[in-house]
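*Asks:* I'd like to ask you about the structure that follows.
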Amino acid sequence: MTTNSREETLRAWAIDAGRRLVRAGETLATRQTLSGPEHGNVAPWPGSDDLDFHGTLAAIWVWGRSHRLIADDRFALNVAAGWAFIESVWRRFIPSALGPTASDEAAYDCAMVLRAALADRAPRGTRDVAVLAETAARLLGVYLTDLEELGGREFRDPGFLVWNLADYARAVAERGLLAGARRFVDRALGMKAPGTFASEPVITDGLFDFSSTTATRVLAVLSTEGATPFVGAWLRERVAPAAPRALVSRSMDEHSWNACVAAALGRAFVASTDDVFFDTHQAILAELDHRSLGGALGRQPGFPPETASTFYYALAVDALVKL
């Protein structure tokens, strides 16, 4: 792909990505509660009435990101209600410290606060979104500094956590946070050649396996190091040979996991301009598109559209958009 054709492709993709995120956002909006004590909550799947902290943040990211791409704030009321819900249940989900007594999902919840804030940092409700994000970033920064168990998956995936922290730190020019994220990547992830994406272990004794740790490692390196020539060479020489050429069969969370992979491959293409990443991103996303319903996605074939899997699908769609 020549430089000119690549730029034209990415410009066209950004327009289409905005439209696709709107479709996903519309599906998520139908599940948001807009009255009563759970005002603003986005249920994790159709028919559920569970309070979903990180799911609501995922929806806020989809709504906010679609607004940024197409300059149509049709989800403004949904976003405001979502943040109001996050504020109302904050103490229930976010502890004062991410210590041993915190839930297994607390660090992931903090990371999702940062992801949502990246798409929508406007003042909302009684507190500024920036205040919530600053609190989550501080907690997550301390947690990663002290983290010794580096092999976590799903909600405990350290690559996902540091990727979100680094993206946030870079966006708000917090050099201290970014330096801490970089130190963590150097210590925990490194830049050796990863194993193949398809060889990742599968969780057999848990409920979830939605996060590709190989993919989030790539995203973490890109966020902490930036799109430098050195990182581009690392992607071309060490990551491209490990990339799957098609959707990878998984016994659990197949759609979410593959969407996570596609998100990393798309970002890798933007950073490296290596066509291998574009082709693999397109191959996986085409199959996910085929399996989607109304612009949203369930975690596995036959599952109805769910908030979490739709979020990862939206990340994959958004991955070719230049930030």
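*Asks:* Given axes a ≥ b ≥ c from the Cα gyration tensor, I'd like to know whether region 89-161 is rounded (a/c under 1.5), prolate (a/b larger than b/c) or oblate.
*Replies:* prolate
*Asks:* While we're here: Using a 10 angstrom cutoff on alpha carbons, build the Gaussian network for the chain and name the most mobile of E26, E87, E148.
*Replies:* Among E26, E87, E148, the largest mean-square fluctuation in the Gaussian network model of the chain belongs to E148.
*Asks:* Roughly how many percent of the accessible protein surface of the chain is carbon and sulfur, given a 1.4 Å probe and a whole-percent answer?
*Replies:* 53 percent
*Asks:* How big is region 211-323 in terms of Cα radius of gyration and Dmax, in angstroms?
*Replies:* Gyration radius and largest Cα-Cα distance of region 211-323: 13.4, 43 Å.
*Asks:* Using the charge dipole of the chain (Lys, Arg: +1 at Cβ; Asp, Glu: -1 at Cβ; taken about the Cα centre), state which of I86, L323, V202 has its Cα farthest towards the positive end.
*Replies:* Working it through, the farthest residue towards the positive pole turns out to be L323.
*Asks:* Find out how many positive minus negative residues lie around P158, taking Lys and Arg as positive, Asp and Glu as negative, among other residues whose Cβ is under 11 Å from that of P158.
*Replies:* +1
*Asks:* Okay, moving on. If you count only protein heavy atoms with a 1.4 Å probe, what accessible area per residue comes out for region 225-271, rounded to a whole Å²?
*Replies:* Heavy-atom accessible area per residue stands at 34 Å².
*Asks:* Quick one: net charge of D49's neighbours, Cβ under 11 Å, K/R +1, D/E -1?
*Replies:* -2
*Asks:* Accessible area of H255, 1.4 Å probe, to the nearest 10 Å²?
*Replies:* Rounded to the nearest 10, that gives 0 Å².
*Asks:* How large is the helix-only mean residue ellipticity at 222 nm for the chain, computed as the sum of -39500 (n - 2.57) over DSSP H runs with n ≥ 4, divided by its residue count, in deg cm²/dmol to the nearest 500?
*Replies:* Mean residue ellipticity, 222 nm, calculated: -19000 deg cm²/dmol.
*Asks:* Could you give the accessible area per residue of region 25-151, probe 1.4 Å, as a whole number in Å²?
*Replies:* Value for region 25-151: 45 Å² per residue.
*Asks:* Which sequence of M1, M112 reflects their accessible areas, 1.4 Å probe, from the largest down?
*Replies:* Ranked from most to least accessible, the order is M1, M112.
*Asks:* While we're here: Once each part is reduced to its C-alpha centroid, what is the distance from region 195-239 to region 70-109 in angstrom?
*Replies:* Answer, in whole Å: 26.
*Asks:* Given axes a ≥ b ≥ c from the Cα gyration tensor, I'd like to know whether region 147-246 is rounded (a/c under 1.5), prolate (a/b larger than b/c) or oblate.
*Replies:* Oblate, because a/c is 1.5 or more while a/b does not exceed b/c.
*Asks:* Net charge within 14 Å of S96 by Cβ-Cβ distance, Lys/Arg positive one each and Asp/Glu negative one each, not counting S96 itself?
*Replies:* +2
*Asks:* What residues have an amide H closer than 5 Å to that of R299, excluding those fewer than 5 places away on the same chain, when H is modeled at 1.01 Å from N in the peptide plane?
*Replies:* Here E306 satisfy the definition.
*Asks:* Work out the length of the dipole vector of region 221-323 about its Cα centre, built from +1 on the beta-carbon of each Lys and Arg and -1 on the beta-carbon of each Asp and Glu, and round it to the nearest 20 debye.
*Replies:* 80 debye
*Asks:* Connecting C-alpha atoms closer than 10 Å in a GNM of the chain, tell me which of L144, L207, L247 has the biggest fluctuation.
*Replies:* L207
*Asks:* Separate question: Which value does Rg/Rh take for region 237-292 over its C-alpha atoms, Rh per Kirkwood?
*Replies:* Value, to two decimals: 0.97.
*Asks:* Using a Gaussian network for the chain with springs between C-alpha atoms less than 10 Å apart, which of these wobbles most: F208, F184, F311?
*Replies:* Comparing F208, F184, F311 in a Gaussian network model of the chain, the most mobile one is F208.
*Asks:* Moving to a separate point now. Show I70, I60 ordered by accessible area, largest first, where the area counts protein heavy atoms only and the probe is 1.4 Å.
*Replies:* Correct descending sequence by accessible area is I70, I60.
*Asks:* Specify which labelled value, from (1) 47, 20, 15; (2) 38, 25, 20; (3) 27, 23, 20, agrees with semi-axes √(5λ) of the Cα gyration tensor in Å derived from the coordinates of the model shown.
*Replies:* (3)
*Asks:* Is the shape of region 1-151 rounded, prolate or oblate, going by the alpha carbon gyration tensor and its root eigenvalues a ≥ b ≥ c, with a/c under 1.5 for rounded and a/b larger than b/c for prolate?
*Replies:* oblate
The values are calculated or read from the model by the stated rules, or taken from the named source; none is laboratory data. Every value quoted in this text rests on a predicted model; they were computed, and no experiment measured them. Positions of Cβ are backbone-derived with ideal geometry, glycine not excepted, and every protein chain shown enters the neighbour counts. Surface accessibility is based on the protein's heavy atoms, side chains included, excluding ligands, DNA and RNA. Shrake-Rupley method; radii C 1.70, N 1.55, O 1.52, S 1.80 Å.
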